[in-house]
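Student: The structure follows.
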Amino acid sequence: MSFASVAVPIPLAQALTYRVPPELGAQCQRGARVLCTLGRRSVIGVVLDLSESDPPIAPEKIKPLGAIIDSEPALPEE
């Protein structure tokens, strides 16, 4: 199972973790803009990092990414 650290447009000191669904795994890259759920609304975030290791919270409690917005990452790898 893959997880993505995503920067979202709210004032937080850290990125949020989302589960990468298998159908989005090949498209999900660092710098990609993604659609994710934040509370009851959908927001656009940017993938900062990808990981295969389990996060510090239970994986079944992590929400999945909704969609990859662009076919190529919007931001460079740096």
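Student: If we count every other residue with Cβ under 15 angstrom of residue 74's Cβ, Lys/Arg +1 and Asp/Glu -1, where does the sum land?
Tutor: -2
Student: May I ask you to give the solvent-accessible area per residue for the chain, in square angstrom, as obtained with a 1.4 angstrom probe?
Tutor: With the other protein chains kept in place, the chain gives 66 Å² per residue.
Student: Could you tell me the calculated FRET efficiency between residue 7 and residue 58, based on Cβ-Cβ distance and R0 = 35 angstrom, to the nearest 0.05?
Tutor: Calculated transfer efficiency: 0.95.
Student: Tell me the label only: which of (1) 11.9; (2) 12.4; (3) 12.9 is Kirkwood radius over Cα pairs in Å as calculated from this structure?
Tutor: Only one listed value fits the structure, namely (2).
Student: I want the local charge near residue 42. Using Cβ-Cβ distances under 13 Å, sum +1 for each Lys or Arg and -1 for each Asp or Glu among the other residues.
Tutor: +4
Student: Enumerate the residues in segment 1-25 having an amide nitrogen under 15 Å from the point lying 7 Å beyond the Cα of residue 38 toward its Cβ.
Tutor: 5-18
Student: Continuing with this model, one more query. Looking only at 59, 21, 11, which one moves most when the chain is put into a Gaussian network model with springs between Cα atoms under 10 Å?
Tutor: It is 11.
Student: Summing Lys, Arg as +1 and Asp, Glu as -1, what charge do residues with Cβ under 11 Å from the Cβ of residue 29 carry, residue 29 excluded?
Tutor: Charge balance in the 11 Å sphere: -2.
The values are calculated or read from the model by the stated rules, or taken from the named source; none is laboratory data. Quick caveat: nothing in here was measured; it's all calculated off a predicted structure. So basically every Cβ, Gly included, is an ideal-geometry build from the backbone, and we count neighbours across all protein chains shown. For the accessible areas, the whole protein counts, side chains as well, though only heavy atoms, and no ligand, DNA or RNA atoms are used. Shrake-Rupley method; radii C 1.70, N 1.55, O 1.52, S 1.80 Å.
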